[in-house]
Amino acid sequence: TARGTSTERLLRFHASDLVVSLEVNSRFGLTASQALACGAPVIAFRLSPFTEIIEPGVSGLLVPILETSSRQCLRVNYREALEATVGVLRAPRQIQAWQAQDWRLAERQQAFEDFWQPLLRGDQVAVP
């Protein structure tokens with residue numbers, strides 16, 4: 001979980017080359033979402049909500065979990081998460097490639113709003 005005031009968190013995320021989230025019980029993925037919105041790629045476990053907000057190879061990396069059982073016991077592979085992080089840090093071009101992608105959440109949200117607002121207002125929209 002990111003600590004500090006919202007301004008301090010945003011400044012840290014903007015200054016980050018990469019954010020690693022080892023959360024396994026996150027319901028919303030707020031830390032990862034904030035990092036992505038600031039343009040920082042995220043490495044996280046392949047669990048919801050991260051699977052909904054991280055596009056592997058574009059906005060970060062999803063690390064597989066080891067197993068789940070019918071009792072919802074979860075075993076995660078922290079070693080693989082660490083190895084994936086070290087691998088990315090040893091390949092700075094990967095981080096640069098992620099950062100060069102046009103995937104920021106704020107930009108996606110604005111594009112979504114730009115598309116739907118004319119329809120909601122009842123404006124005539126030409127369909128390509």
| task | Show the residues, 5+ positions off or on another chain, whose built amide H is closer than 5 Å to the amide H of Val76. | result | Leu66
| field | Karplus-derived HN-Hα couplings along segment 36-44 (A = 6.51, B = -1.76, C = 1.60, θ = phi - 60°), whole Hz, x at Gly and Pro | value | 4, 5, 8, x, 8, x, 10, 9, 8
| query | What residues qualify as long-range amide H neighbours of Val63, i.e. H under 5 Å apart, gap of 5 or more or another chain, H built at 1.01 Å from N? | reply | Ala44, Phe45, Arg46
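When ranked by the protection proxy of mean other Cβ atoms within 10 Å per residue, highest first, what sequence do the peptides 37-44, 25-32, 115-122 form?
Ranking the peptides 37-44, 25-32, 115-122 by packing returns 37-44, 25-32, 115-122.
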| task | List, in order, the whole-Hz ³J(HN,Hα) value for each residue of segment 55-61 obtained from phi through the Karplus relation with A = 6.51, B = -1.76, C = 1.60 and θ = phi - 60°; use x for Gly and Pro. | result | 9, x, x, 10, 10, x, 9
| remark: Sequence order, segment 21-27: Karplus ³J(HN,Hα) from phi using 6.51 cos²θ - 1.76 cosθ + 1.60, θ = phi - 60°, Hz rounded, Gly and Pro as x, gives 10, 9, 5, 10, 10, 6, 8
| Modelled label reach - Leu30, point 7 Å along Cα→Cβ, segment 41-66 residues with backbone N closer than 16 Å | 49-50
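A short reminder: the numbers here are calculations on the coordinates, not readings from a lab. Just so we're clear, the structure is a prediction, and the values are computed from it rather than from any experiment. Glycine gets a Cβ as well: all are built from the backbone with ideal geometry, and neighbour counts include every protein chain shown.
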